[in-house]
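The values are calculated or read from the model by the stated rules, or taken from the named source; none is laboratory data. All values derive from a computational prediction rather than experimental measurement. Cβ placement follows ideal geometry from the backbone for every residue including glycine, while neighbour counts extend to all protein chains displayed.
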Amino acid sequence: MPRSPDTKRSYKRLPKGPNGGIELLLIQSVDNLGHAGDIVEVKPGFANNYLIPNAMATIASEHHKRMVEKHRAKIQAQAQARLAGLREIATKLAEESVTIESKANEEGVLYGSVGVNDIVDHLRGKNYTINSENVIIDGQIKEHGLFTVKLHLHQDVDNVELKVWVVPPSSE
């Protein structure tokens, strides 16, 4: 049914931010704008035509702002607890060493090489949850001996130096 010329269109008035844009709470991370949970100010067209219809953001009401602050406090407490746990693991790992048995020829050159995955497997065998991305090694280890490998657990935790012994198999 066509609208009569007397009828006014009603637009939903969105709350304006300090710079004249619309304040939104991001539901998911948006490139060049912010991460999930951030409160950002954008132009009305970007909000109405892209962010809100694609469920990437919602209007930042006072209720939402309070919820975000509570959620941030909870996440920050969890992050602090995780960081303390990682520091404890780093202290334990600094005292550890890994011994890997590998066959070699007469000159001591290994028939293969000892890499990141071998070190990670041995650490997992000792009940450490380490990923291959955490291990920093200069190339492959291709001979018997003592080597130092760095473990990067977190950006706020100092790198841990782990001693890796590569020895001949005990049956030889």
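Of the residues that make up region 149-158, is at least one outside any helix (DSSP H, G or I), under 17 Å from G85 (Cα atoms), in contact (Cβ under 8 Å) with a residue 24 or more places away in the chain and over 21 Å from the mean Cα position of the chain (by Cα)? So far as region 149-158 goes, no, none of its residues is outside any helix (DSSP H, G or I), under 17 Å from G85 (Cα atoms), in contact (Cβ under 8 Å) with a residue 24 or more places away in the chain and over 21 Å from the mean Cα position of the chain (by Cα). Across region 31-57, the qualifying residues are those that are among the β-branched types (V, I, T) and modelled with pLDDT of 90 or more, and the one among them that is surrounded by the most Cβ atoms within 10 Å (Cβ to Cβ) is V42. Can you pull out every residue in region 121-146 that is of a type in the set (D, E) and within 14 Å of W165 (Cβ to Cβ)? Scanning region 121-146 gives a single hit, E143.
One line per residue, one yes/no per condition, for (1) modelled with pLDDT under 90; (2) of a type in the set (D, E):
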position: R82; (1), (2): no, no
position: E106; (1), (2): yes, yes
position: V135; (1), (2): no, no
position: L153; (1), (2): yes, no
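Just one of (1) closer than 25 Å to E161 by Cβ; (2) in a strand (DSSP E or B); (3) of a type in the set (A, V, I, L, M, F, W, C) fails for I89. It is (2).
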